[in-house]
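A quick write-up on the structure given underneath.
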Amino acid sequence: MNTKDVNTADNGSAKPNIAFIGLGNMGAPMAENLLKAGYGLSVYDLSEDATQRLQQAGASVADSPKAAASNAQVVISMLPAGKHVHSVYLGEDGTNGLLAELPQGTLVIDSSTIAAADARTVAEAASKLGIDFLDAPVSGGTGGAIAGSLTFIVGGSTDAFAKAEPILAVMGKNIFHAGEHGAGQVAKICNNMLLGILMAGTAEAINLGVKNGLDPKVLSDIMLQSSGRNWTLEVYNPYPQVMENVPSSNGYQGGFMSKLMQKDLNLALQTAQNTNVDTPMGAKAAELYEAHTVENGDRDFSSIMARHDSSVLS
Ligand code: NAD
């Protein structure tokens, strides 16, 4: 790769410098993929361990969000929850966060999973300052973050989306423009609410069959070719040893933690409540995951199987 390749985007224009805030399980591999693609990257995280990993990969480490963004045209964040996003961008009093320090025209992409209402609050504050804000939560988990194959679900203006697309394409394979501010977060929690319902229901159906003498693999194959077919049966069976290379065949390690599923189900319920929408199946899935995460929050969300048969954990 020559210097021109490093500093030039596919369409011949200069690549923007990027500030990346939040280098956890998802953010670190996403940031590494940007570095590999030749973007100039300045990073910030509260954890020194997290920043060291990126420093070794070639990023410059800053000691505040403001310092990370000082030479950047684009800011990307991947933070745990809405309160962290609020605190980074709006600050403690709502006006003394990173947004107040950014020049007009900066593009801000928040990929954290947060409430749509919180995303809209930050977007409104950004818009008043002449800053483009996109909510761009992801689907695909840590495997997708490492492989650069995430799905980005984006809310915000068409112009900002067009600017963000080539950058998101470095970290993801499918990039959807869901609609205006907040639409990315709404679409993401609709998907994850359905996923939680499907996983809990699939575990329940397999358990019913097994308790009535069926082999879990035979039953799974039958349902896979019948009308109960769904994503969990296709690629993520919750019963141990039915499928290779899935968390259920590896002690429910890795994958998508139950506590993150619980978080997303709660975000879905919060959105439903705020908008007077009835989600009884989502509420039931949230109740099941809430009980499950007391002991199994760090295990993959397919471990909801253990609700029916705790021996699957051994
Ligand atoms: P994580 O807890 O591993 O990482 C979060 C990082 O943010 C940590 O390194 C933490 O030190 C840092 N951080 C917290 N507050 C900060 C602040 N004020 N300033 C700078 N850094 C700060 O979380 P994760 O698994 O990487 O998830 C990040 C987001 O992605 C969450 O919103 C999560 O719901 C979403 N998500 C996660 C997955 C997954 O499989 N892990 C999948 C899809 C979406």
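The values are calculated or read from the model by the stated rules, or taken from the named source; none is laboratory data. Given the structure is predicted, the values throughout are model-derived calculations rather than measurements. Virtual Cβ from ideal backbone geometry, glycine too; neighbours counted across all protein chains shown. Remember, those area values only see protein heavy atoms, side chains included, never the ligands or the DNA or RNA. Shrake-Rupley method; radii C 1.70, N 1.55, O 1.52, S 1.80 Å.
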Item checked: Cα-based reach from LYS36 at 15 Å (exclusive), listing aspartates and glutamates while leaving out same-chain residues under 8 positions away -> ASP5, ASP10
Next item on the list: For segment 187-313, list log₁₀ I(q)/I(0) at each q in 0.13, 0.20 Å⁻¹, using the Debye formula over Cα point scatterers of equal strength and ignoring solvent, two decimals each.
Entry: -0.49, -1.10
Next item on the list: Identify all aspartates and glutamates with a Cα-Cα distance to LYS217 below 15 Å; exclude those on the same chain that are fewer than 8 residues away in sequence.
Entry: GLU204, GLU234, GLU244
Checklist line | Heavy-atom surface of segment 187-313, accessible at 1.4 Å and reported per residue (Å²) | finding: 51
Next item on the list: Please work out how much length the chain gains when fully extended from VAL294 to ALA100, using 0.36 nm per residue of separation minus the C-alpha to C-alpha distance, in nm with one decimal.
Entry: 65.9 nm
Checklist line | Furthest towards positive pole of dipole, ILE131, GLY148, THR232, structure part segment 120-272, Cβ charges | finding: THR232
Item checked: Nearby lysines by direct alpha-carbon distance to LYS263 (threshold 17 angstrom, same-chain neighbours under 8 apart not counted) -> LYS83, LYS188, LYS284
Note to self: Of the candidates GLN273, GLN55, GLN253, which one comes out as most mobile in a Gaussian network treatment of the chain with C-alpha springs shorter than 10 Å?
What the structure shows: GLN273
Check: If the chain between SER60 and HIS308 were fully stretched, how many nm would it gain, using 0.36 nm times the residue separation less the Cα-Cα distance?
Finding: 84.4 nm
Check: Pulled fully out, how much extra length does the chain show between LYS284 and LYS83, if you take 0.36 nm times their separation in residues and subtract their Cα-Cα distance?
Finding: 69.8 nm
Next item on the list: Sum -39500 (n - 2.57) across every DSSP H segment of at least 4 residues in the chain, then divide by the residue count to get the 222 nm mean residue ellipticity, nearest 500.
Entry: -14500 deg cm²/dmol
Next item on the list: Report the label-to-label distance for SER226 and GLU204 in nanometres (one decimal), using points 7 Å from each Cα along the Cα→Cβ vector.
Entry: 1.7
